[in-house]
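What follows is a single structure, written as structure tokens, with notes after it.
The values are calculated or read from the model by the stated rules, or taken from the named source; none is laboratory data. None of the values given here were measured: they were computed from a predicted structure. Cβ placement follows ideal geometry from the backbone for every residue including glycine, while neighbour counts extend to all protein chains displayed. We work out accessible area using only protein heavy atoms, side chains counted, and drop any ligands, DNA or RNA first. Shrake-Rupley method; radii C 1.70, N 1.55, O 1.52, S 1.80 Å.
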Amino acid sequence: NWQPLSIEEVGELLSRLRVSWWIAGGWAIDLFLGRQTRSHGDTDILIRRDDQLAVQEYLRDWDLYKTQQPGLMPWLTGEFQTRPFDDIWCRRSPNSPWALQLMLLDTDGDQWVFKRDSTIRGSLDSLGRRTSLGVPYMSPEIQLLYKAKPQTLTKDQSDFDVVTPYMTEEARIWLSDCLEKRFPEGHRWIVSLK
């Protein structure tokens, strides 16, 4: 049962949060393009794993659950989530629909670390961008890396198709190189990025 917050509502909710955060998922693609290209079933927010307890305290009045699909378990106050827990579902109260999904990002110093291959990493400064109104979101090439799976979901293919024509050559090469490393047997997106 989801009734996700809008990007404007997320910006307002997190405006006083003192740690870095980024809009992720399909909304990150749409923010890069400056327009909504498809409907979104949820609103994903990326935070550094190391900042999770600060975010938990910030959202202390919310009902928070850690998830390792297919299950949900209450996220207890002060409980630091280590792998494999990467996602937190958030709602205003136990009777409210889910409104927000927090995604935990592993870091090493000033670098972000890709959760499916720790040899793929980059500067935290390269992780995201900002809209003209200052809303932070994940860079499209990094978001597409997270969306790339052996079996491509329809929504992820749609995001790839709509955003890659607007990506720089440097971003396309970076994503292609990462996909070749992640999928040595090949991935359908690699050919399209060349």
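List the residues of segment 40-78 whose backbone N lies under 12 Å from a point placed 7 Å from the Cα of R18 along the Cα-to-Cβ direction. Once the point is set 7 Å along Cα→Cβ of R18, 54-55, 58 turn out to lie under 12 Å by backbone N, inside segment 40-78.
Our summary gives segment 114-194 a relative contact order of 23 percent, counting only alpha carbon pairs under 8 angstrom and 6 or more residues apart. For segment 110-151, the carbon plus sulfur part of the accessible surface works out to 47%, probe radius 1.4 Å.
Modelled spin labels at S6 and T67, positioned 7 Å past Cα toward Cβ, are 2.3 nm from each other. Computing mean projected area of the Cα convex hull in nm² directly from the structure and comparing it against [x] 12.4; [y] 11.0; [z] 13.5 singles out [y]. Excluding ligands, DNA and RNA, the accessible surface per residue across the chain is 52 Å² with a 1.4 Å probe. Per-residue surface analysis assigns Y65 an accessible area of about 50 Å², computed on protein heavy atoms at 1.4 Å probe radius.
Residues R188, R172 ordered from highest to lowest accessible area at a 1.4 Å probe: R188, R172. Working from Cα pairs under 8 Å separated by at least six residues, relative contact order for segment 1-132 is 24 percent.
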